[in-house]
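**Student:** Just dropping this structure here.
The values are calculated or read from the model by the stated rules, or taken from the named source; none is laboratory data. Keep in mind it's a predicted model, so treat the numbers as computed, not measured. Cβ placement follows ideal geometry from the backbone for every residue including glycine, while neighbour counts extend to all protein chains displayed. Keep in mind that these areas ignore ligands, DNA and RNA; they rest on the heavy atoms of the full protein, side chains included. Shrake-Rupley method; radii C 1.70, N 1.55, O 1.52, S 1.80 Å.
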Amino acid sequence: MSAASVTVTGATGLLGRRLVRALRDRGTSVTVLTRDPRRARERLGDGVTAVRWDAMAEPAPREALDGRDAVAHLLGEPIAQRWSASAKRAIRESRVRGTANLLAGLAEASGRPGALVSAAAVGYYGGHGEEPLDEDAPPGTGFVAEMCVAWEAASARAGTELGMRAVQLRTGIVLDAKGGALAKMLPPFRLGVGGPVAGGRQYVPWIHAEDHTQMALAALDGEEWSGPINVTAPEPATNAEFSRELGRALHRPAVLPIPGLALQLLYGEMAEIVTSGQRAVPARALVLGYDFRHPQLPGALRAALG
């Protein structure tokens, strides 16, 4: 049965806007938690209830949680930025402290929501070369992996301490031409100067934006969805394969290699999320019977570019 009322954090982000639109299209009552309710209503429309929340400073307000069927927690500072000490602190705290403050509000809610579906990331696994990674694979090391472990532990408390069904969506690279990693790739590829990065052998665990939304909906609705879920397409591609297919979709050459050292000079430590990769596979989603809308990379890229 579809959740009739859902509270969403991170609703004005790329994935949040898609999820809110899908929820509203099917008739779900949507409440969003946001630092700026007026701006949220402008971006999302008057059909949502917007409630102010400073995720870094206070528990989530009970009035936005009481009586709801589920919560979709998508809040998080963008990872794709140069990692200064302050940026790393903001990336981690927005996820770990933000989730803890959400749970503090949920602990006080009457008529507590039955499910918490929280964003997570395949960065949990760290770099693993060609090894296929299902949800039982151990966590990696480094800033992103260790942050993901703490992030997931915070959201898992909804299950262990509050009796909710807790889901962690370990998301790969989302294909959406309007934002995220793909949007950043498009300018050089359209100019014909794109190509494989750091040798191109590292895997890119990708997912079309529509499949991300549909999997989030399935997790909100389905009692059988719980724990970590790899939100990735069934066939991850290497960086070289991804570059070649993006060039084909744009009818441009994609053969100019980009040295890893150049990325490190440009992005610093953050370059590791591009030069290392994860061959993450959606084992749990497939067992649960999820039917991918865009399972193949060539078609997914064409659909994303629209």
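**Student:** So the check is Cβ under 9 Å with 6+ separation or different chains; which pairs have a first residue in segment 54-66 that's within 14 Å of A11 (Cβ to Cβ) and part of a helix (DSSP H, G or I) and a second one that's open to solvent by less than 50 Å² (accessible area, probe 1.4 Å) and aromatic (F, W, Y)?
**Tutor:** Here the result reads A64/W53, each pair linking segment 54-66 to a residue that is open to solvent by less than 50 Å² (accessible area, probe 1.4 Å) and aromatic (F, W, Y).
**Student:** If you don't mind, there's one more thing I want to ask. Looking at (1) open to solvent by less than 20 Å² (accessible area, probe 1.4 Å); (2) hydrophobic (A, V, I, L, M, F, W, C); (3) more than 30 Å from G277 (Cα to Cα), find the lone condition where A137 falls short.
**Tutor:** Failed condition: (3).
**Student:** Let me ask something else about it. I'd like the full set of residues that are among the small types (G, A, S) and closer than 21 Å to Q296 by Cβ, limited to segment 184-215.
**Tutor:** Once the filter is applied, which keeps residues that are among the small types (G, A, S) and closer than 21 Å to Q296 by Cβ, segment 184-215 yields G194, G200, A209.
**Student:** Tell me which of these G27 doesn't satisfy, since it passes every other one: (1) at pLDDT 95 or above; (2) closer than 30 Å to E272 by Cα.
**Tutor:** (2)
**Student:** Would you confirm, using the coordinates I've provided, whether A150 is in a helix (DSSP H, G or I), without any contact (Cβ under 8 Å) to a residue 40 or more places away in the chain and not acidic (D, E)? Spell out how you get there, then give the answer.
**Tutor:** Details: in a helix (DSSP H, G or I): yes; without any contact (Cβ under 8 Å) to a residue 40 or more places away in the chain: no; not acidic (D, E): yes.
No; evaluated as a whole, the condition is false for this residue.
**Student:** So if I check each of E146, E108, which one is more than 22 Å from P282 (Cβ to Cβ), among the acidic types (D, E) and surrounded by fewer than 15 Cβ atoms within 10 Å (Cβ to Cβ)?
**Tutor:** Working: E146 fails: surrounded by fewer than 15 Cβ atoms within 10 Å (Cβ to Cβ).
Answer to the check: E108.
**Student:** So, in segment 40-53, how many residues would count as being surrounded by 17 or more Cβ atoms within 10 Å (Cβ to Cβ) and assigned to a loop (DSSP other than H, G, I, E, B)?
**Tutor:** 2
**Student:** Being assigned to a helix (DSSP H, G or I) and over 27 Å from G222 (Cβ atoms) is the filter here, so list the residues in segment 2-39 that pass it.
**Tutor:** Once the filter is applied, which keeps residues that are assigned to a helix (DSSP H, G or I) and over 27 Å from G222 (Cβ atoms), segment 2-39 yields P37, R38, R39.
**Student:** A follow-up question, please. Could you please find all residues in segment 54-85 being farther than 20 Å from G123 by Cα and open to solvent by 40 Å² or more (accessible area, probe 1.4 Å)?
**Tutor:** Matches in segment 54-85: D54, M56, A57, E58, P59, R62, E63, D66, G67, R68, D69.
**Student:** Which condition number in (1) assigned to a strand (DSSP E or B); (2) over 23 Å from T275 (Cβ atoms); (3) open to solvent by 10 Å² or more (accessible area, probe 1.4 Å) is the one that L162 fails?
**Tutor:** So L162 meets the others, but not (1).
**Student:** Turning to a different aspect of this structure: Can you name the residue in segment 69-103 that is among the hydrophobic types (A, V, I, L, M, F, W, C) and free of Cβ contacts under 8 Å to residues at least 40 places away in the same chain and, of all such residues, is nearest to T12 (Cα to Cα)?
**Tutor:** Ranking the qualifying residues of segment 69-103, first place goes to A90.
**Student:** Among the residues of segment 136-146, are any aliphatic (A, V, I, L, M), under 17 Å from the mean Cα position of the chain (by Cα), under 12 Å from R95 (Cβ atoms) and part of a helix (DSSP H, G or I)? Please lay out each step first, then the result.
**Tutor:** Quick first cut of segment 136-146, residues aliphatic (A, V, I, L, M) only: 137, 144-145.
Next, only the ones that are under 17 Å from the mean Cα position of the chain (by Cα) stay: 144-145.
Next cut, under 12 Å from R95 (Cβ atoms) only: 144.
Narrowing further to those that are part of a helix (DSSP H, G or I): 144.
Scanning segment 136-146 turns up at least one residue that is aliphatic (A, V, I, L, M), under 17 Å from the mean Cα position of the chain (by Cα), under 12 Å from R95 (Cβ atoms) and part of a helix (DSSP H, G or I).
**Student:** Suppose we filter G194, G180, G199 for residues that are small (G, A, S), at pLDDT below 95 and either open to solvent by less than 10 Å² (accessible area, probe 1.4 Å) or in contact with a Cys (Cβ under 6 Å, 6 or more places away or on another chain) (or both); which single one remains? Break it down stepwise before answering.
**Tutor:** Details: G180 fails: either open to solvent by less than 10 Å² (accessible area, probe 1.4 Å) or in contact with a Cys (Cβ under 6 Å, 6 or more places away or on another chain) (or both); G199 fails: either open to solvent by less than 10 Å² (accessible area, probe 1.4 Å) or in contact with a Cys (Cβ under 6 Å, 6 or more places away or on another chain) (or both).
G194 is the lone residue from the list that is small (G, A, S), at pLDDT below 95 and either open to solvent by less than 10 Å² (accessible area, probe 1.4 Å) or in contact with a Cys (Cβ under 6 Å, 6 or more places away or on another chain) (or both).
**Student:** For segment 15-39, how many residues are surrounded by fewer than 18 Cβ atoms within 10 Å (Cβ to Cβ) and out of contact with any Leu (no Cβ under 9 Å at 6 or more places or on another chain)?
**Tutor:** Total meeting the criteria: 7.
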